[in-house]
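This report refers to the structure that appears directly beneath it.
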Amino acid sequence: MLNRRTLIKVSGAAALASVLPAVSKAGYPAQQNSFRYCLNTSTISGQKPGLVQYINIASQAGYDGLELWITDIKDYLKQGRSIQSLKSLLFTKRVAVYNAISFTSWLINDHAKRKAALGELEEEMKLLAAIGCNRVAAPPAGIEKGEMPDWKIAGERYRAILELGRKHGVMPLLEFWGASGTLYNLSQALAIAAAANDPDARILPDIYHMFRGGSGFEGLKLLNGRVIDIIHMNDYTASKPVQEQTDADRVYPGDGIAPVKQVLKDLKAMGSIKSLSLELFNRSYWQQDPLEVAKTGLAKMKKLVGEV
């Protein structure tokens with residue numbers, strides 16, 4: 001929960017935001033092509049550089065933006081730092097925050113717990129709005145196997161957090177997790193987004209999760225450009241059977257067997273600018289210099305984009 005001191009910090013950031021140019025919608029610099037490049041901080045989280053260094057590394061490596069984890073923002077504030085200082089650092093380093101990773105249990109069946117989760121999510125949205133981030137991931141956190149609501153009910157719950165997001169200008173992106181056994185497939189996400197019957201419904205796909213959850217990749221051809229703002233970029237190999245693969249098995253885009261080029265072609269054909277966010281949890285990469293990992297991932301994504 002946000003305490004009084006944090007609320008004051010957030011209010012101050014709103015004033016600062018009126019002076020500083022917005023960093024999330026346009027990004028730094030303005031892009032003329034179909035893609036922007038984003039670093040999800042999970043990619044270098046094993047080295048534990050901390051939030052300030054995440055921003056410095058993304059800037060030095062040449063990324064347009066970041067996907068931050070809400071927990072890192074909260075830890076930053078617990079250290080006595082202000083949301084204004086975070087906003088200023090992002091502006092100085094010319095790095096936008098395109099999305100944030102949240103784990104609130106907005107989809108669960110327990111009414112009291114879901115209500116508490118919505119309160120938590122709203123407080124997170126206030127923090128994100130204060131730093132110019134206008135998106136937040138909405139995965140199936142807290143849902144146990146066998147407890148997934150049907151697509152109509154899930155659509156109603158998704159619409160509820162979309163309405164919450166409009167209050168603060170921070171829109172939830174529906175995310176599916178391939179190994180979750182609950183919301184794990186693109187088709188489920190599409191059904192829920194359609195059931196929400198909301199113009200701001202969006203899906204956050206991930207190449208690994210599309211593989212792990214059996215979605216395949218042809219379904220992307222059914223989507224228009226408004227449905228996807230961000231996609232998590234990674235790859236997978238044939239080193240293990242699909243059901244044995246975990247997040248830690250992800251590799252750099254282009255280093256595996258995923259049809260990454262075709263995915264990029266389909267995204268490009270949809271229209272509108274997409275943010276390609278490098279999201280890895282590879283423990284061997286966590287043993288390396290985080291700046292070099294960030295640079296390597298960006299170079300590999302740009303190479304693939306240049307080939308489509």
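Checking the structure you have, find out if any residue of region 145-153 is in contact with a helix residue (DSSP H, G or I) (Cβ under 8 Å, 6 or more places away or on another chain), assigned to a helix (DSSP H, G or I) and either buried (at least 21 other Cβ atoms within 10 Å of the Cβ) or without any contact (Cβ under 8 Å) to a residue 40 or more places away in the chain (or both). First the steps, then the outcome.
Kept after step one, since they are in contact with a helix residue (DSSP H, G or I) (Cβ under 8 Å, 6 or more places away or on another chain), are these residues of region 145-153: 148-149, 151-152.
Then drop every residue that is not assigned to a helix (DSSP H, G or I), which leaves 151-152.
The next check asks that each one be either buried (at least 21 other Cβ atoms within 10 Å of the Cβ) or without any contact (Cβ under 8 Å) to a residue 40 or more places away in the chain (or both); those that pass are none.
No - not one qualifying residue is present in region 145-153.
Starting from residues that are of a type in the set (Lys, Arg) and under 23 Å from GLY50 (Cα atoms), keep the ones in region 83-137 and report whichever is surrounded by the fewest Cβ atoms within 10 Å (Cβ to Cβ).
If we take residues in region 83-137 being of a type in the set (Lys, Arg) and under 23 Å from GLY50 (Cα atoms), then ARG94 is surrounded by the fewest Cβ atoms within 10 Å (Cβ to Cβ).
Exactly one of these conditions fails for GLY142: (1) in a loop (DSSP other than H, G, I, E, B); (2) more than 24 Å from LEU276 (Cα to Cα); (3) under 16 Å from the mean Cα position of the chain (by Cα). Give me its number.
Checking GLY142 against (1) in a loop (DSSP other than H, G, I, E, B); (2) more than 24 Å from LEU276 (Cα to Cα); (3) under 16 Å from the mean Cα position of the chain (by Cα), the one that fails is (3).
Please work out which residue is farthest from the chain's Cα centre (by Cα), limiting yourself to region 269-290 and to residues that are within 17 Å of PHE217 (Cβ to Cβ) and modelled with pLDDT under 95.
Only one residue tops the list, namely ALA269.
Just the residues that are farther than 21 Å from VAL136 by Cβ, of a type outside the set (Gly, Ala, Ser) and outside any loop (DSSP other than H, G, I, E, B), please, taken from region 211-247. Full working, then the answer.
Quick first cut of region 211-247, residues farther than 21 Å from VAL136 by Cβ only: 211-222, 224, 235-246.
When the remaining residues are screened for being of a type outside the set (Gly, Ala, Ser), the result is 211-212, 217-218, 220-222, 224, 235-237, 240-246.
Selection gives PHE211, ARG212, GLU218, LEU220, LYS221, LEU222, ASP235, VAL242, GLN243, GLU244.
Residues that are in contact with a strand residue (DSSP E or B) (Cβ under 8 Å, 6 or more places away or on another chain) and surrounded by 13 or more Cβ atoms within 10 Å (Cβ to Cβ): does region 209-220 have at least one?
yes
Listed residues LEU39, LEU68; which is assigned to a strand (DSSP E or B) and either modelled with pLDDT under 95 or more than 16 Å from LEU127 (Cβ to Cβ) (or both)? Please lay out each step first, then the result.
Working: LEU68 fails: either modelled with pLDDT under 95 or more than 16 Å from LEU127 (Cβ to Cβ) (or both).
Result of the check over LEU39, LEU68: LEU39.
Determine whether region 106-128 contains at least one residue that is in contact with a Phe, Trp or Tyr (Cβ under 6 Å, 6 or more places away or on another chain), of a type in the set (D, E, K, R) and closer than 24 Å to ILE231 by Cα.
no
If you take the residues in region 220-271 that are of a type in the set (Val, Ile, Thr) and touching a helix residue (DSSP H, G or I) at 6+ places or on another chain (Cβ under 8 Å), which one is nearest to ALA100 (Cα to Cα)?
ILE231
Residue by residue through region 171-203, note down the ones that are farther than 17 Å from SER105 by Cα and touching a strand residue (DSSP E or B) at 6+ places or on another chain (Cβ under 9 Å).
GLY178, LEU186, LEU190, ALA193, ALA196, ASP200, ALA201, ARG202, ILE203
Any residue in region 43-61 that is modelled with pLDDT under 95 and at negative phi?
No, every residue in region 43-61 fails to be modelled with pLDDT under 95 and at negative phi.
Spot the failing condition for LEU77; the list is (1) more than 19 Å from the chain's Cα centre (by Cα); (2) farther than 30 Å from VAL293 by Cα; (3) crowded, with 17+ Cβ neighbours inside 10 Å, and only one is missed.
Failing condition for LEU77: (2).
ILE57 - would you say it is touching a Phe, Trp or Tyr at 6+ places or on another chain (Cβ under 9 Å) and in a helix (DSSP H, G or I)?
yes
Which one of these does PRO21 not meet: (1) exposed (fewer than 15 other Cβ atoms within 10 Å of the Cβ); (2) in contact with a helix residue (DSSP H, G or I) (Cβ under 8 Å, 6 or more places away or on another chain); (3) modelled with pLDDT of 95 or more?
(3) is the only condition that PRO21 fails.
How many residues does region 243-254 contain that are surrounded by fewer than 16 Cβ atoms within 10 Å (Cβ to Cβ), within 23 Å of the chain's Cα centre (by Cα) and not hydroxyl-bearing (Ser, Thr, Tyr)?
Residues of region 243-254 that are surrounded by fewer than 16 Cβ atoms within 10 Å (Cβ to Cβ), as a first pass: 243-244, 246, 248.
Checking which are within 23 Å of the chain's Cα centre (by Cα) leaves us with 246, 248.
From what is left, the residues that are not hydroxyl-bearing (Ser, Thr, Tyr) are 248.
Residues flagged as surrounded by fewer than 16 Cβ atoms within 10 Å (Cβ to Cβ), within 23 Å of the chain's Cα centre (by Cα) and not hydroxyl-bearing (Ser, Thr, Tyr) within region 243-254 amount to 1.
Specify the residue that is surrounded by the most Cβ atoms within 10 Å (Cβ to Cβ); the eligible residues are those in region 273-287 that are over 20 Å from TRP69 (Cβ atoms), in contact (Cβ under 8 Å) with a residue 60 or more places away in the chain and not basic (Lys, Arg).
ILE273
I want to confirm something. Restricting to region 50-59 and keeping residues that are under 10 Å from VAL95 (Cβ atoms) and touching a residue at least 60 places away in the same chain (Cβ under 8 Å), which single residue is surrounded by the fewest Cβ atoms within 10 Å (Cβ to Cβ)?
Across region 50-59, the extreme among qualifying residues is ILE57.
The values are calculated or read from the model by the stated rules, or taken from the named source; none is laboratory data. Computed from a prediction, not measured in an experiment: that's the story for all the values here. So basically every Cβ, Gly included, is an ideal-geometry build from the backbone, and we count neighbours across all protein chains shown.
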